[in-house]
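Enquirer: Sharing a structure with you now.
The values are calculated or read from the model by the stated rules, or taken from the named source; none is laboratory data. Values in this document were obtained by computation on a predicted structure and should not be read as measured data. FYI the Cβ positions are ideal-geometry reconstructions off the backbone, even for glycines, and counts take in every protein chain you see. Protein only, heavy atoms only, side chains kept; ligands, DNA and RNA dropped before computing areas. Shrake-Rupley method; radii C 1.70, N 1.55, O 1.52, S 1.80 Å.
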Amino acid sequence: MIPPRIPLAAAVLLVFPALLAAQDPAPPTLEELTVTVGRTPVLLGAAGFSVTILDALQARRGRTFPSLDDVLGFVPGLIVRDRGDQALGPRLMIRGAGARANFGVRGLQLLVDGVPATLADGQSPLTTLDLELAERVEVVRGPLAALHGNGAQGIVSLTTAARPTTPWQGSVAASGGSRGTSNVSALAGAGNDRLGGFVAASRFNTDGVRDHAGARQWRFRGALEWTPSPTSQITLRGSHADDPWLDAPGALTATEFAADPHGANPAAARRRAGKSVQERQVSLGYRHRGDRQTTDVTAWTLGRELFNPLALRPDAASDPRDGTLIEISRVVTGVRAATTRRVRGDLRLTAGLDAQRQNDERHNLVHRAATPLPNSRFLDQHQVVTAVGPFLQLVALPHPGVTLRGGIRHDRVTFDITDRLAPTGSGRRTMAAWSGSAAIALTTATFEGWAGLSSAFETPTTTELAGRTDGRTGINDLLDPARSLSVEVGLRHRAGNREAEVVAWRTTTRDAISPIEDVDGRSYFANVGRTWSRGVEATLSSAVGPRWRVRATGSYIEARFGAGAVAEDLSPLDGNRLPGIPRLTARLGLTGSVAGILVDLDHGLSSALTADDGNTVTVPGWAG
């Protein structure tokens, strides 16, 4: 049931524009914003798709250590859910995509300084996100696979500074709270017009909001930027993340949650479930900006070591404290390249290539309260995922105020698994897909409108693909990529120092990938047929007086299983709501300053959602 405060919030969103229109127009004009995540830099009004751009102040909102919800809370159509489990991280959804991620982020592409945080198989660990260093965030609220490939049903691109804006820069910050929570960070940088850089370090500790939910994390990041000429730039970046230990409290049943919402799953606590992660990344980027041609090339390499004791009880367990231990040693290399040439004054052609190779050494063995047992290995695999995606995009301005955009891309993702313990589990699968997009954008002095059509696809991850429902290891030959088609129309009004936007959209997906009933506590995945979703997003931002700004966002999503969708037991799902997606979300905020002190207030609302495919479990809505 939708909480009674939800309709009131929707009414405020509808009435508020009229109240603002009655005010005297403010003289300042909103700055022109350039969209870069679309691979061909264009002004915001000419992008032809729904995109939200946040600068450093809007993203951090005055917080020294912002959370993902702080940064993205006012992006319509986007939902961040904190699972209270640092080992899993928050769940991120855009228009419902990503709602079924068991860990990390699925169905969305994440970029940090032009380097994909999304791996070749489509999963996105959040280890590389340093939100306190964010200088710019771009969020594409819909499919853009024609430019970004696998799993790009939405894009979140985070940019951090590579050099200080002054000759010298330094800062130290600290914060603390209840449950042993503390944050400490330090940054130092120096440079001039041609050469500059910085180094930053941070530490985060918490005992967690739930039992068995403590976390210890270190982050180190550095950058060096050289401008050898007015038209070229070379940037070297490096990062190191060390999570010595993250407790995993696990999921609770409805009965357990009712008894103690802050408790841990009994098996997770008994078996000391959690994980330890070390990750290192280095990237080198080259950028050229000429009169008729621009080029961006970024190459990177990443190493990751994972020690992950799960509460999942293995077949060889002989003690109540025994669980499954996953060890992964990962090396990723990749390159992203794109060049845009002005063919004529009103025609630009962008060509590019994304390539990535993911090498995983994966071992599963038995642990007893997070201590590996000798000679207990029951999985020993070398997993290689290679993804290659060339693309073309054409942007034309046939008439002043009219922009046409069209793009096409071909992705080829190859999974190659070598099983050393069970050779019959070895195998190779290649999944290929064409993705396209087309849009028209119309702009006037104060209004921007657009309509677009785009397709997307999403492959299974290695975790999903390597498990068969019969419990055997090896590539799941029955699991295929999901494919989506989306259409949207939008209208934006920008005048003075106020902005309003409304977007309507619909997406249909075939061969949707969904977790099915557990086998001995382990999730397995299957294609459940067709799904569809549609929705409306609205946002409003306006100055109120010289020091205050009001922001409001609201989203309505109807997401359901379509014709032919069936559960694993072949029971029909047609017409059921998709789990994990609330129909209505809204947020109202006020920012400003009083006597030089920044004030940031906001209130969020979310309607109820279903928690299972059969719609037998409902999670109540909330406000806070």
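Enquirer: Stick to Cα atoms and the Kirkwood definition of Rh, then tell me Rg/Rh for the chain.
Expert: Reported Rg/Rh, Kirkwood definition of Rh: 0.95.
Enquirer: Taking a point 7 angstrom from the Cα of GLN278 along the C-beta vector, which residues in the range 176-203 have backbone N less than 19 Å away?
Expert: Label zone hits: 201-203.
Enquirer: At what distance in angstrom do the alpha carbon centres of the range 583-619 and the range 289-318 lie from each other?
Expert: If you average the Cα positions of each part, the centres end up 31 Å apart.
Enquirer: Continuing with this model, one more query. With θ taken as phi - 60° and the coefficients 6.51, -1.76 and 1.60, list the Karplus ³J(HN,Hα) couplings across the range 32-43 in order, rounded to whole Hz; mark glycine and proline as x.
Expert: For the range 32-43, the Karplus curve yields 6, 10, 9, 8, 10, 5, x, 6, 10, x, 9, 5 Hz.
Enquirer: Would you mind telling me the share, in percent, of accessible area of the range 355-477 contributed by carbon and sulfur at probe 1.4 angstrom?
Expert: Within the range 355-477, the accessible surface is 61 percent carbon and sulfur.
Enquirer: Further question: I'd like to know how the range 112-258 sits against the 2.2 N^0.38 Å rule of thumb: what's its Cα Rg over that expected value? Don't skip to the answer; put the middle values down first.
Expert: Working: Rg = 18.9 Å, N = 147, 2.2 N^0.38 = 14.7 Å.
For the range 112-258, the normalised Cα radius of gyration is 1.29.
Enquirer: Farthest toward the dipole's positive end in the chain, which of TYR286, LEU397, LEU246, given Cβ charges of +1 (Lys, Arg) and -1 (Asp, Glu) about the Cα centre?
Expert: Sorting the options by dipole projection puts first LEU397.
Enquirer: So, one more: Evaluate the charge dipole of the range 479-624 about its Cα centre and quote only its size in Debye, nearest 20, assuming +1 on the Cβ of each Lys and Arg and -1 on the Cβ of each Asp and Glu.
Expert: The dipole magnitude comes to about 980 debye.
Enquirer: Here's another thing I want to ask about it. Between LEU126 and VAL536, what FRET efficiency comes out of the Förster formula 1/(1 + (r/R0)^6) with R0 = 22 Å and r the beta carbon distance, rounded to 0.05? Spell out each step's value before the answer.
Expert: Working: r = 29 Å, r/R0 = 1.30.
Computed FRET efficiency for VAL536 and LEU126: 0.15.
Enquirer: Please arrange GLU32, GLU132, GLU464 by accessible surface area, largest first, computed with a 1.4 Å probe and ligands excluded.
Expert: Result, largest first: GLU32, GLU132, GLU464.
Enquirer: What percentages, rounded to whole numbers, describe P(r) for the range 257-305 computed over all alpha carbon pairs with 10 Å bin width beginning at zero?
Expert: 17, 21, 17, 16, 15, 11, 3
Enquirer: If you take the charge dipole of the chain about its Cα centre, with +1 on Lys and Arg Cβ and -1 on Asp and Glu Cβ, which of THR165, LEU325, LEU310 is farthest toward its positive end?
Expert: THR165
Enquirer: Can you order the peptides 173-180, 116-123 by their average number of other Cβ atoms within 10 Å per residue, highest first?
Expert: Ranking the peptides 173-180, 116-123 by packing returns 116-123, 173-180.
Enquirer: Label the range 537-593 by shape, choosing from rounded, prolate and oblate, from the square roots a ≥ b ≥ c of the eigenvalues of the Cα gyration tensor; if a/c is under 1.5 it is rounded, and otherwise prolate applies when a/b is larger than b/c, oblate when it is not. Before the final figure, lay out the partial values.
Expert: On the way: a/c = 8.48, a/b = 4.71, b/c = 1.80.
It is prolate, given that a/c is not under 1.5 and a/b is the larger ratio.
Enquirer: Further question: Please list the non-local residues whose amide H lies under 5 Å from the amide H of GLY196, H modeled 1.01 Å from N, same-chain partners needing a gap of 5 or more.
Expert: GLU225
Enquirer: Using the Karplus equation 6.51 cos²θ - 1.76 cosθ + 1.60 (θ = phi - 60°), what ³J(HN,Hα) coupling, rounded to whole Hz, does each residue of the range 143-148 give in order, writing x for Gly and Pro?
Expert: Using θ = phi - 60°, the values come out as x, 8, 5, 5, 10, 10 Hz.
Enquirer: Given the Cα atoms of the range 352-503, and with Rh set as the inverse mean 1/r over their pairs in the Kirkwood sense, what is Rg to Rh to two decimals?
Expert: 1.20
Enquirer: So what is the relative contact order for the range 116-192, in percent, with contacts set as C-alpha pairs under 8 Å and at least six apart?
Expert: Answer for the range 116-192 is 22 percent.
Enquirer: Can you tell which of VAL140, GLY564, VAL619 lies farthest toward the positive end of the dipole of the chain, using +1 and -1 charges on the Cβ of basic and acidic side chains (Lys, Arg; Asp, Glu)?
Expert: The Cα lying farthest towards the positive end belongs to VAL140.
Enquirer: Right, here's the next one. If contacts are Cα pairs under 8 angstrom and at least 6 residues apart, what is the relative contact order of the chain in percent?
Expert: Relative contact order for the chain comes out at 11 percent.
Enquirer: Taking every Cα atom in the range 100-140, find the radius of gyration and the maximum pairwise distance Dmax, and write them in Å.
Expert: When restricted to the Cα atoms of the range 100-140, Rg and Dmax are 10.5, 30 Å.
Enquirer: Another question, if that's okay. Per residue, how much accessible area does the chain have with a 1.4 Å probe, in Å²?
Expert: 44 Å²
Enquirer: For the peptides 148-158, 267-277, what is the packing order when you average, over each peptide's residues, the other Cβ atoms within 10 Å and list the highest mean first?
Expert: 148-158, 267-277
Enquirer: Over the Cα atoms, compute the radius of gyration (one decimal) and Dmax (the largest Cα-Cα distance, rounded to a whole number) for the range 521-624, in Å.
Expert: In order Rg, Dmax, the Cα atoms of the range 521-624 give 19.6, 64 Å.
Enquirer: Also, I was wondering about something else. Per residue, what volume in Å³ does the Cα convex hull of the range 84-155 take up?
Expert: Per residue, the Cα convex hull of the range 84-155 comes to 95 Å³.
Enquirer: Taking H as built 1.01 Å from N, whose amide H comes closer than 5 Å to the amide H of GLY562, not counting residues under 5 places away?
Expert: ARG530, THR531, TRP532, GLY575
Enquirer: Given the rule -39500 (n - 2.57) for each run of at least 4 DSSP H residues, summed and divided by the residues of the chain, what is its mean residue ellipticity at 222 nm, to the nearest 500 deg cm²/dmol? Mind showing how you got there, number by number?
Expert: On the way: 7 runs with 46 residues, N = 624.
Theoretical 222 nm ellipticity from helices: -2000 deg cm²/dmol.
Enquirer: If you project the alpha carbons of the range 585-624 onto their three principal axes, what span does each projection cover, largest first, in Å?
Expert: 54, 11, 11
Enquirer: Net charge within 13 Å of PRO76 by Cβ-Cβ distance, Lys/Arg positive one each and Asp/Glu negative one each, not counting PRO76 itself?
Expert: Its environment carries a net charge of +1.
Enquirer: Next up: Which of the peptides 407-417, 252-262, 59-69 is most tightly packed, and how do the rest follow, judged by the mean count of other Cβ atoms within 10 Å per residue?
Expert: Put in order of decreasing packing, that is 407-417, 59-69, 252-262.
Enquirer: Beyond 19 Å, what share of the Cα-Cα pairs of the range 62-189 is found? Please give it as a whole percent.
Expert: Looking at the range 62-189, the distances longer than 19 Å represent 52 percent of pairs.
Enquirer: Roughly how many debye, to the nearest 20, is the charge dipole of the chain about its Cα centre, given +1 on each Lys and Arg Cβ, -1 on each Asp and Glu Cβ, and no other charges?
Expert: On the way: 67 positive and 61 negative charges, 221 e Å.
Roughly 1060 debye, rounded to the nearest 20.
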